[in-house]
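Student: One structure coming up, written as structure tokens, with questions to follow.
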Amino acid sequence: MTTDPALDDRIRQIGREIFTRVAELARFSSPLAKIDDAMMAWSMRNERRKSRLFRFVDCLPSLRSCEEIARHIREYLHISVPGFSPILAAAATFGVSRMARKFIAADDLDHAVKAIAELRRKRLAFTVDLLGEAVVSESEADQFQRRYLELVELLPARLAGFVEDPLIDRNAAGAIPRANVSVKLSSLYSQFDPMNPGGTSQAVLARLRPILRLARQNGAMINLDMEQFAFKELTLEIFKSVFMEDEFRDWPAAGIAIQAYLRCTLDDLKGLAEWSERRGTPACVRLVKGAYWDFETVVAAQNGWPIPVFIDKAQTDANFESAAVFLIENRHLLRPAIASHNVRSIAATLAHAQRCGAKPAEIEFQMLFGMADAIKSALVEMNHRVRVYAPVGRLLPGMAYLVRRLLENTSNESFLRAGFIDRVPEEQLLMNPILRKRRPASAARPARAFANEPPIDFSLQSSRDSMERAIAAFSAQGCAEVPLLISGQRIFTDQWIESINPSHKSRVVARCAGASAEHAGKAVAAAKTAFAAWRDVPAEDRADLLDRVADILGRDRFELAAVEIAECAKPWREAHADVAEAIDFCRYYAWQMRQLALPAGADVPGELNHWEYESRGPALVIAPWNFPLAILCGMAAAAVVAGNPVVLKPAEQSPLIAFHLARAYEEAGAPPGVVNYLPGVGEEIGPVLVEHPDIAMIAFTGSRGVGLSINHLASRPRDNQDHVKRIIVEMGGKNAVIIDEDADLDEAVAGVVASAFGYSGQKCSACSRAVVLPGVRDAFLARLIDAAASLKIAPAEDPGCRIGPVIDAEAHRRILAAVERGKRDARLAFAGDAGPLAEEGFYIAPHVFAQVPPSSPLATEEIFGPLLSIISARDFDDALSIANGVQYALTGGLFSRSPANIARARREFRVGNLYINRQITGALVGRQPFGGFKLSGAGTQAGGPDYLRHFLMPRCITENTLRHGFAADAE
Ligand code: FDA
């Protein structure tokens with residue numbers, strides 16, 4: 001970016017020259033190209049039409065029959081020609097294939113060589129990008145590696161015969177490789193995860209090194225693409241480390257893409273320049289603006305993270321110019337490859353290069369296949385080297401690429417759209433970005449009353465360091481000894497409950513005092529005593545207490561996550577998500593209580609009507625171990641803020657994390673008796689508490705058997721009991737995900753794997769049934785099994801852990817027994833192996849059953865482990881009926897690209913939480929109120945607008961203010 005008027009004049013002058021050449025060249029463009037442009041312009045005239053059209057294009061290659069194509073045309077575009085499905089389908093397929101051919105150079109190597117020959121005829125160099133499906137398994141990563149190896153093996157030989165063209169085959173230092181291949185690191189490892197940089201680098205490098213070796217041997221160049229922001233640090237790290245290895249250190253044919261829409265571009269370039277100086281051999285930097293702008297802004301907004309990209313297009317353009325200047329000035333260290341179709345960005349580069357005395361051969365321009373062809377030709381006429389990024393691959397796997405290009409060409413901010421479709425005047429297009437009118441800072445949204453706690457961003461080194469430190473500190477502490485907490489008193493008993501680390505079954509995490517029936521009575525009495533005062537504490541003060549608890553949990557989040565990792569074998573992300581959810585519950589219910597406490601009523605003249613909510617009384621909270629902090633905290637927070645002191649009965653497997661919650665209340669200033677902590681053996685103290693006449697309400701989350709028994713026991717009033725107990729029970733599920741014929745299998749496989757095997761299938765929301773339609777059954781099953789086999793089984797403290805152990809020995813036995821039983825009814829299509837870890841902890845690898853009869857126990861009974869049943873459905877009707885055909889109705893999911901089937905599922909897939917085209921776990925407080933019905937629960941969704949009311953008693957007070965015909969104001 002320049003502030004020098006003379007230089008800016010020169011930039012505009014070069015820009016005008018390019019435009020003049022482009023206009024001249026455009027006179028000779030083919031009529032078909034003009035039709036393409038007209039189609040593009042038509043699609044853009046209406047944003048809704050554009051979005052529907054692109055969604056249709058996205059799913060077309062996965063449709064298998066004319067009828068299917070015609071149905072989707074009807075659903076997306078509302079075009080219907082009864083009786084002419086084949087013609088309609090053929091026309092649509094022709095149109096989309098044409099579009100694909102515009103942006104995708106070839107579908108295999110032979111055709112790629114032809115396309116390259118055609119490019120060379122136009123004096124254009126190239127780089128090949130291999131299109132492919134998202135890599136969800138190690139076998140798919142192997143396949144990608146084979147394709148890259150084949151490319152660097154065969155391509156250089158196939159190009160050797162071409163006559164040298166100095167414009168594209170030489171740079172200022174001499175000959176450059178003709179074969180140039182762009183590589184995406186995420187295609188080389190299915191578990192690519194910045195949270196696990198060590199493991200990821202190791203796996204990626206194992207597949208990358210042979211590619212580099214062969215490329216070097218055969219004289220090809222390798223350029224690493226840059227993907228989403230979360231992968232950036234790790235991609236740079238891998239690039240710098242591998243090209244510093246002895247074998248590759250003096251190899252100049254290495255490059256990496258850097259994105260100018262990121263705020264950190266210049267820092268990254270400086271880092272690369274320093275690295276190059278140390279290396280002693282320059283590398284190439286391909287400067288792009290960045291292809292994931294929408295994705296980055298959405299991900300940041302959803303997670304409450306800072307937005308890593310500029311949100312004003314002019315800032316990206318200005319940053320691009322600054323980065324280009326940096327590269328030109330440091331071209332002895334980093335060879336500049338300027339990848340842009342924007343005439344202003346290109347002209348700015350050229351003007352700076354001239355001012356610095358850089359030779360044309362020192363700078364390369366790069367553009368995408370099928371885009372801005374006239375600009376490419378104009379630059380060639382001006383004797384500049386232009387390289388074309390040429391995607392190669394079949395249409396179905398290439399669809400994501402095609403849709404990205406369509407969006408890029410038609411985006412409101414696109415230079416190509418502005419210049420060649422909207423026909424914005426040249427002078428405006430060439431204007432210095434720092435002078436361009438900034439988009440008004442997006443109308444500040446009204447502050448939301450409640451915002452979710454942002455998840456930890458593990459792509460940051462600082463987050464990973466904090467987690468490592470917390471885990472180390474926790475294990476250094478040794479076994480903790482934990483008392484009961486009743487009315488503020490710490491009480492040790494003569495019984496111990498041992499909390500075992502499921503990842504290492506010989507390690508005891510904590511010894512907790514076990515409560516007896518007598519302690520249970522004392523805890524209820526303490527809650528009853530505290531109730532008298534706590535109910536009258538203003539709602540605002542009770543809400544403040546919850547906010548303080550949330551602050552404490554936030555302050556200690558790494559320490560708490562470390563406890564969960566050890567005590568419940570929650571992997572890193574899941575442990576943090578649990579802590580964040582606990583914080584959310586506190587803040588959300590605090591906010592809700594303040595709303596419920598606002599004056600409400602319906603007055604009429606002479607009559608005042610006042611409605612209010614009153615506390616119920618001592619509450620018993622019985623929580624499970626699978627969300628050991630969040631669920632306990634959520635139920636307790638609702639009770640406490642509603643004015644009901646609580647007796648907390650945590651699961652026997654997770655007493656330590658529960659103690660931390662009780663201590664947080666203490667530190668936050670909860671009066672004695674408002675929160676009583678009572679670990680104990682469920683069978684011993686459970687019935688005493690449930691049947692106690694002074695318990696006013698019970699909030700339970702756990703198994704169906706226990707939930708129904710509590711419901712039964714608590715419904716019968718005891719002597720001295722003067723109230724009906726309010727019972728909230730959240731129980732299990734047998735959750736199904738339907739995979740429709742037109743589902744995007746990249747997403748469906750990843751979504752089902754995450755839902756079925758995340759936390760070893762021990763979430764109540766987990767997917768235990770995949771109901772698959774015939775057209776995708778075989779492909780889905782094959783990819784799913786490969787993906788399940790690729791999950792790393794490891795102790796929960798390992799950042800690479802994708803599958804940890806199950807919770808305890810009893811669960812381990814029960815799940816293995818279910819596997820054995822399942823073999824009688826269905827085909828065990830995949831049985832993973834935990835290997836030597838099986839001796840260390842309670843590990844069970846993923847298991848997948850196929851051909852599961854919908855009514856078999858495998859398909860109807862909750863198992864709570866990493867077992868997935870694949871059920872075949874005849875059609876969508878059958879799929880819905882199978883999905884609904886169990887006694888549970890908790891969560892459910894659908895992967896489909898049919899608007900009509902999505903609408904049907906919304907109506908007819910009857911579960912508490914239905915997720916469409918995403919995983920079915922991970923509900924967020926305030927966004928996805930969570931809970932089911934049928935035998936999954938009584939319809940009280942936690943973290944939703946109705947939940948708190950269940951902890952309160954509504955009252956209405958009416959006052960007649962008429963006195964002898966005179967209506968006085970109320971006092
Ligand atoms: P133009 O000037 O129209 O800029 C469009 C770009 O501006 C958008 O793509 C976005 O980056 C940015 N933008 C849009 N709206 C914005 C807003 N409101 N605020 C701020 N910025 C906004 N991409 C990538 O991410 N990784 C890669 O590895 C590669 N590799 C690659 C290689 C080659 C050879 C080429 C030509 C391109 C890539 N790309 C890429 C894609 C590249 O990012 C994309 O083509 C360019 O961003 C388009 O920029 P132009 O300068 O051509 O257009």
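Student: Counting other beta carbons within 10 Å of each residue's own, what order do T860, T127, T891 fall into, fewest first?
Tutor: By the 10 Å Cβ count, ascending, the order reads T860, T127, T891.
Student: R0 = 35 Å: FRET efficiency of A473 with E540, Cβ-based, nearest 0.05?
Tutor: 0.45
Student: What's the angle, to the nearest 10 degrees (0 to 90), between helix 66-77's Cα axis and the longest principal axis of the chain?
Tutor: Approximately 80 degrees, to the nearest 10.
Student: Next up: Nearest 500 deg cm²/dmol is fine: what mean residue ellipticity at 222 nm does the chain get from its DSSP H runs of n ≥ 4 alone, each adding -39,500 (n - 2.57), divided by its residue count?
Tutor: After summing the helix terms and dividing by residue count, I get -14500 deg cm²/dmol.
Student: Still on this structure, I have one more. What pairs from K102/K122; K240/K270; K184/K232; K734/K792 go past 19 Å between their alpha carbons?
Tutor: K734/K792, as the Cα separations exceed 19 Å there.
Student: How big is the convex hull of the Cα atoms of the range 218-267, per residue, in Å³?
Tutor: 89 Å³
Student: Quick one: dipole size for the range 593-662, taken about the Cα centre, charges +1 on Lys/Arg Cβ and -1 on Asp/Glu Cβ, in debye to the nearest 20.
Tutor: The calculation lands at about 320 debye.
Student: Between 0 and 90 degrees, rounded to the nearest ten: what's the tilt of helix 557-568 against the longest Cα principal axis of the chain?
Tutor: Roughly 70 degrees between the two axes.
Student: Still on this structure, please answer the following. Antiparallel DSSP bridges in the range 386-521: what percent, to the nearest 5?
Tutor: Approximately 75 percent, going by the DSSP bridge assignments.
Student: Okay, moving on. If the reach is capped at under 19 angstrom between alpha carbons, list the aspartates and glutamates near K114, excluding any in the same chain fewer than eight residues apart.
Tutor: Answer for K114, where 19 Å is the Cα cut-off: D129, E150, E153, E164, D165, D169, D373, listed by chain and number.
Student: Still on this structure: Estimate the FRET efficiency between L608 and D547 by the formula 1/(1 + (r/R0)^6), using the beta-carbon distance for r and 30 Å for R0, to the nearest 0.05.
Tutor: Computed FRET efficiency for L608 and D547 comes out at 0.40.
Student: Something else: Given a Förster radius of 56 Å and the C-beta distance between T20 and K823 as r, what FRET efficiency does 1/(1 + (r/R0)^6) yield to the nearest 0.05?
Tutor: For R0 = 56 Å, the calculated efficiency reads 0.15.
Student: How about the range 27-74: which chymotrypsin sites (Phe, Trp or Tyr not before Pro) there lie in a loop by DSSP and see at most 13 other Cβ atoms within 10 Å?
Tutor: Answer by residue number: F28.
Student: List every residue whose amide H lies under 5 Å from the amide H of A106, counting only residues 5 or more places away in sequence or on a different chain, with H placed 1.01 Å from N in the peptide plane.
Tutor: Under 5 Å from the amide H of A106 lie the amide H atoms of G393, each far enough along the sequence or on another chain.
Student: Report D for the chain in µm² per second (integer): Stokes-Einstein, Kirkwood Rh on Cα pairs, 37 °C, 0.692 mPa s.
Tutor: For the chosen part, D equals 105 µm²/s.
Student: Now a separate question. Just want the answer: with Cβ charges of +1 for Lys and Arg and -1 for Asp and Glu, which residue in S869, F320, A748 is farthest toward the dipole's positive end in the chain?
Tutor: After comparing all options, I get F320.
Student: Tell me the net charge near A300. Cut-off is 13 Å between Cβ atoms, A300 excluded, with +1 for each Lys or Arg and -1 for each Asp or Glu.
Tutor: Net of charged neighbours comes to -2.
Student: Straight-line reach from K359: which aspartates and glutamates have a Cα under 15 Å away, not including same-chain ones fewer than 8 places off?
Tutor: In chain and number order, the partners are E329.
Student: In which sequence would I727, I870 go, from the one with the fewest C-beta neighbours within 10 Å to the one with the most?
Tutor: In increasing order of surrounding Cβ atoms, one gets I727, I870.
Student: If you average the alpha carbon positions of the range 671-742 and of the range 484-517, how far apart do those two centres end up, in angstrom?
Tutor: 21 Å
Student: Tell me the trypsin sites (Lys or Arg not before Pro) within the range 672-769 that lie in a loop according to DSSP and have at most 16 other beta-carbon atoms within 10 Å.
Tutor: Of the trypsin sites (Lys or Arg not before Pro), the ones in loops of the range 672-769 whose Cβ has at most 16 other Cβ atoms within 10 Å are R718.
Student: Another one. If you take the charge dipole of the chain about its Cα centre, with +1 on Lys and Arg Cβ and -1 on Asp and Glu Cβ, which of P197, I421, M731 is farthest toward its positive end?
Tutor: I421
Student: Now, a different point. Taking the Kirkwood radius as the inverse of the mean 1/r across Cα pairs, report the Rg/Rh of the range 774-907.
Tutor: Result for the range 774-907 is an Rg/Rh of 1.00.
Student: Next question. Show me 103-115, 420-432 ranked by packing, highest mean number of other Cβ atoms within 10 Å first.
Tutor: 103-115, 420-432
Student: How would you rank K289, K102, going from fewest to most other Cβ atoms within 10 Å of each one's own Cβ?
Tutor: K102, K289
Student: Quick check on packing: order 782-790, 206-214, 812-820 by the mean number of other C-beta atoms within 10 Å, highest mean leading.
Tutor: Ranked from most to least packed, the peptides come out as 782-790, 206-214, 812-820.
Student: Bin width 5 Å, origin at 0, all Cα-Cα pairs of the range 144-231: what percent of pairs per bin?
Tutor: For the range 144-231, the binned pair fractions read 3, 13, 21, 20, 15, 11, 8, 5, 2, 0 percent.
Student: OK, next. If one computes the Cα centroid of the range 326-361 and of the range 873-894, what distance in Å separates the two points?
Tutor: The range 326-361 and the range 873-894 have Cα centres spaced 58 Å from each other.
Student: In addition: Among DSSP bridges having both ends in the chain, what percentage is antiparallel? Round to the nearest 5.
Tutor: 30 percent
Student: Using the Cβ atoms and a cut-off under 13 Å, what net charge is assigned to the surroundings of F415, where Lys and Arg are +1 and Asp and Glu are -1?
Tutor: Around F415, the charge tally is +1.
Student: Let me ask something else about it. What angle, in degrees between 0 and 90 and rounded to the nearest 10, separates the Cα long axis of helix 5-26 from the longest principal axis of the Cα atoms of the chain?
Tutor: For 5-26 against the chain, the angle is about 70 degrees.
Student: Also, I was wondering about something else. Amide H neighbours of T127 under 5 Å, at least 5 residues apart or on other chains, H built in the peptide plane: list them.
Tutor: Correct list: V388, Y389, A390.
Student: Another question, if that's okay. Would you pull out the residues with amide H under 5 Å of V675's amide H, same chain only if 5 or more places away, H placed 1.01 Å from N?
Tutor: V646
Just so you know, all these numbers are worked out from the coordinates, no wet-lab data involved. For clarity, every value in this text was computed on a predicted model and none was experimentally measured. Backbone-built Cβ (ideal geometry, glycine too); neighbour counts: all protein chains shown.
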